[in-house]
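Only one structure is covered here, and it is reproduced in the block below.
Here, each number is a calculation from the coordinates, and none is a lab measurement. Here the structure is a predicted model, which means the values were calculated and not measured. Note that each Cβ is placed from the backbone with ideal geometry, even for glycine, and that neighbours are counted across all protein chains shown.
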Amino acid sequence: MSNYIFDIDGTIADTPEKEYDKAEPDEAMIALVNMLYDQGHHIIIITARGTSSGIDWEVVTKNQLKKWGVHYHELIFGMIISDKVITPEDFLNDI
């Protein structure tokens, strides 16, 4: 099985600019995450929430993921640096 890593804001949720408590779930992406989880893949949720502001968004974020029904193995907070990124739209088209 594979590892899949999903960002929260702009990927599995529509979020107003840094208003994380107002994020709304993207039902199609969450269904995809859960399908991959159910197939036995390792799901990692990542977010940069709070890295620049210093605000601790852990409780809010965990509650949101639970409320939205997101199945995952790990939740990681931190700065995300990558030169290879696939957009949610491209991923949905590829899957």
Handout entry: DSSP-defined antiparallel bridges as percent of all bridges, the chain, nearest 5
Key = 15
Exercise for the section: Pop out the ³J(HN,Hα) list for the range 63-75 in order, Karplus 6.51 cos²θ - 1.76 cosθ + 1.60 with θ = phi - 60°, rounded to Hz; leave Gly and Pro as x. Expected result: 5, 5, 4, 5, 4, 7, x, 7, 9, 7, 9, 9, 10
Fill in the blank from the handout: With 0.36 nm assigned to each residue of separation and the Cα-Cα distance removed, residue 95 to residue 31 gains 21.8 nm
Handout entry: Whole-Hz ³J(HN,Hα) from phi, Karplus 6.51 cos²θ - 1.76 cosθ + 1.60, for the range 29-45, glycine and proline x
Key = 5, 5, 4, 5, 4, 5, 5, 5, 4, 5, 7, x, 6, 8, 9, 10, 9
Exercise for the section: Excluding residues on the same chain fewer than 8 positions from residue 66, give the lysines whose Cα lies under 23 Å from its Cα. Expected result: 18, 22
Fill in the blank from the handout: Computed about the Cα centre, the charge dipole of the chain from +1 Lys/Arg and -1 Asp/Glu charges at the Cβ has a magnitude in debye, to the nearest 20, of 320
Problem - Segments 60-66, 34-40, 81-87, 5-11 sorted - mean Cβ within 10 Å per residue, highest first - result: 5-11, 60-66, 34-40, 81-87
Handout entry: Placed amide H near residue 49: partners under 5 Å, 5+ positions off or other chain
Key = 78
Exercise for the section: Specify which labelled value, from (i) 50, 38, 19; (ii) 37, 34, 29; (iii) 35, 31, 21, agrees with Cα extents along the principal axes in Å derived from the coordinates of the model shown. Expected result: (iii)
Practice task
Work out from phi, with θ = phi - 60° and the Karplus expression 6.51 cos²θ - 1.76 cosθ + 1.60, the ³J(HN,Hα) of each residue of the range 16-23, listed in order in whole Hz, and give x for Gly and Pro.
Solution key: x, 2, 6, 9, 4, 5, 9, 4
Practice task
Treat each spin label as a single point 7 Å out from the Cα along the C-beta direction, and report the residue 21 to residue 7 distance in nm.
Solution key: 2.4
Problem - Qualifying GluC sites (Glu not before Pro) for the chain [loop in DSSP, other Cβ within 10 Å: at most 10] - result: 17, 19
